[in-house]
Amino acid sequence: DSGVTQTPKHLITATGQRVTLRCSPRSGDLSVYWYQQSLDQGLQFLIQYYNGEERAKGNILERFSAQQFPDLHSELNLSSLELGDSALYFCASSVGRGQGYNSPLHFGNGTRLTVT
Amino acid sequence: GNSVTQMEGPVTLSEEAFLTINCTYTATGYPSLFWYVQYPGEGLQLLLKATKADDKGSNKGFEATYRKETTSFHLEKGSVQVSDSAVYFCALVFSGGYNKLIFGAGTRLAVHP
């Protein structure tokens with residue numbers, strides 16, 4: 001058990017809809033990261049928050065947004081959903097600002113999003 | 001730019017066979033190197049890591065040696081088990097300041113009894 005909790009485990013929704021994915025980081029970790037994993041594009045970094053503030057952006061679409069709350073849990077909001085957004089969305093956490101040798105990532109089990 | 005290249009899968013082996021999954025990297029500088037493993041239905045887990053040339057990371061019978069001269073970090077295991085069936089990701093990161101893990105595409109391993 002990594003200590004990172006993601007809800008829900010599965011989500012099925014229609015095109016054009018909006019969904020919110022939730023992540024609780026491992027106790028003591030201040031950074032939260034969101035990744036998208038799809039068959040055709042592999043593991044894509046979306047965004048990182050550190051102690052409530054956005055720290056880095058990756059390949060995140062403008063239709064997607066995220067935030068980290070004072071209790072350090074994070075939410076990823078996906079709007080105007082398209083079929084191509086179907087994927088596994090992972091949250092990860094680490095103790096430090098970066099993903100270095102002494103601050104490895106701990107991943108949740110993911111949320112599987114299916115857009116129909 | 002910085003990147004990680006892994007051998008394409010799937011790799012299919014019989015139980016107790018020797019495993020090698022190749023990983024090479026392109027980087028400006030000297031990154032730390034990692035192997036993550038993703039079991040079915042789960043997130044990625046850190047398997048092993050190495051921070052400098054000639055370091056050997058090891059865990060659960062898996063090993064990988066940081067080879068600066070060949071920019072490689074190949075994953076090996078002497079005798080695989082069915083329970084090792086998973087997807088394996090090689091990754092690199094630079095220490096200091098902001099840093100971001102760069103993952104390879106992943107290699108699927110299937111071990112048959």
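Just so it is clear, none of the values below were taken in a lab; they were calculated from the coordinates. Predicted model only: the values in this text are computed from it and were never measured. Glycine also receives a Cβ, built like all others from the backbone with ideal geometry; neighbour counts cover every protein chain displayed.
With the condition kept exactly as written, say whether any residue in region B:39-47 is within 10 Å of chain A (Cβ to nearest Cβ), on the phi > 0 side of the Ramachandran plot and surrounded by fewer than 14 Cβ atoms within 10 Å (Cβ to Cβ). Among the residues of region B:39-47, at least one is within 10 Å of chain A (Cβ to nearest Cβ), on the phi > 0 side of the Ramachandran plot and surrounded by fewer than 14 Cβ atoms within 10 Å (Cβ to Cβ), which makes the answer yes.
Taking residues in region B:101-112 that are more than 11 Å from every other protein chain (Cβ to nearest Cβ), and partners anywhere that are of a type in the set (Val, Ile, Thr) and part of a loop (DSSP other than H, G, I, E, B), the pairs with Cβ atoms closer than 8 Å and at least 6 places apart or on different chains are B:Leu109/B:Val80; B:Val111/B:Val80.
Of the residues that make up region B:74-96, is at least one within 14 Å of chain A (Cβ to nearest Cβ), of a type in the set (Ser, Thr, Tyr) and without any contact (Cβ under 8 Å) to a residue 12 or more places away in the chain?
As a first pass, look at region B:74-96 and keep what is within 14 Å of chain A (Cβ to nearest Cβ): B:86-96.
Then drop every residue that is not of a type in the set (Ser, Thr, Tyr), which leaves B:88, B:95.
Narrowing further to those that are without any contact (Cβ under 8 Å) to a residue 12 or more places away in the chain: none.
No, region B:74-96 contains no residue that is within 14 Å of chain A (Cβ to nearest Cβ), of a type in the set (Ser, Thr, Tyr) and without any contact (Cβ under 8 Å) to a residue 12 or more places away in the chain.
Inside region A:12-30, residues that are touching a residue at least 60 places away in the same chain (Cβ under 8 Å), in contact with a Ser or Thr (Cβ under 6 Å, 6 or more places away or on another chain) and part of a strand (DSSP E or B) make up a count of 4. Scanning region B:1-38 for residues that are surrounded by 14 or more Cβ atoms within 10 Å (Cβ to Cβ) and touching a helix residue (DSSP H, G or I) at 6+ places or on another chain (Cβ under 8 Å) returns a single hit, B:Leu19. Look at (1) more than 8 Å from chain A (Cβ to nearest Cβ); (2) touching a residue at least 24 places away in the same chain (Cβ under 8 Å) and you find that B:Ser32 fails only one, number (1).
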